[in-house]
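Read the structure below first, then the notes.
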Amino acid sequence: MNNSAYQITITFPENIGDILNQAASNIEQDVKVYLAVKYYLDGILTIGKAAKLAGMRKMDFELFLASKQIPISLLDYSDIQADMDRMKNLKAQSA
């Protein structure tokens, strides 16, 4: 497993901490979390990979999503139906 990191530099105004009313050290974590949420909602990352990008445990990331009224499952009815159909087919094949 490759544990190397990719670093991105983002330039903000010098007074970004004052603008956002928080310590500049918190901004880096916020950027990671919101980027992870965006990629999760866009279907680019699974919830587990998004949690890792955010630097959070999966459960903590799920709790964060829930606190923001963001669903922790992006499956729709057709996804669930397709999964059920696959399970039925597997069961029929094993019988």
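Every number in this text was worked out from the coordinates using simple rules, so none of it is lab data. Just so it is clear, the structure is predicted and the values come from calculations on it, not from any experiment. Note that each Cβ is placed from the backbone with ideal geometry, even for glycine, and that neighbours are counted across all protein chains shown.
Plugging the Kirkwood radius over Cα pairs into Stokes-Einstein for region 45-92, at a temperature of 10 °C and a viscosity of 1.306 mPa s, what D comes out in µm²/s?
The estimated diffusion coefficient comes to 128 µm²/s.
Just add up the charged neighbours of ILE70: K/R +1, D/E -1, any other residue whose Cβ is under 13 Å from the Cβ of ILE70.
Around ILE70, the charge tally is 0.
Take the Cα radius of gyration of the chain and divide it by 2.2 N^0.38 Å, with N its residue count; two decimals is plenty.
1.52
Tell me which lysines have Cα within less than 23 Å of LYS49's Cα, excluding those fewer than 8 residues away on the same chain?
Here the lysines satisfying the reach criterion relative to LYS49 are LYS32, LYS38, LYS58, LYS68.
If you add up the charges near GLY17, with Lys and Arg at +1 and Asp and Glu at -1, over every other residue whose beta carbon is less than 13 angstrom from its beta carbon, what do you get?
Net local charge, GLY17 excluded: -4.
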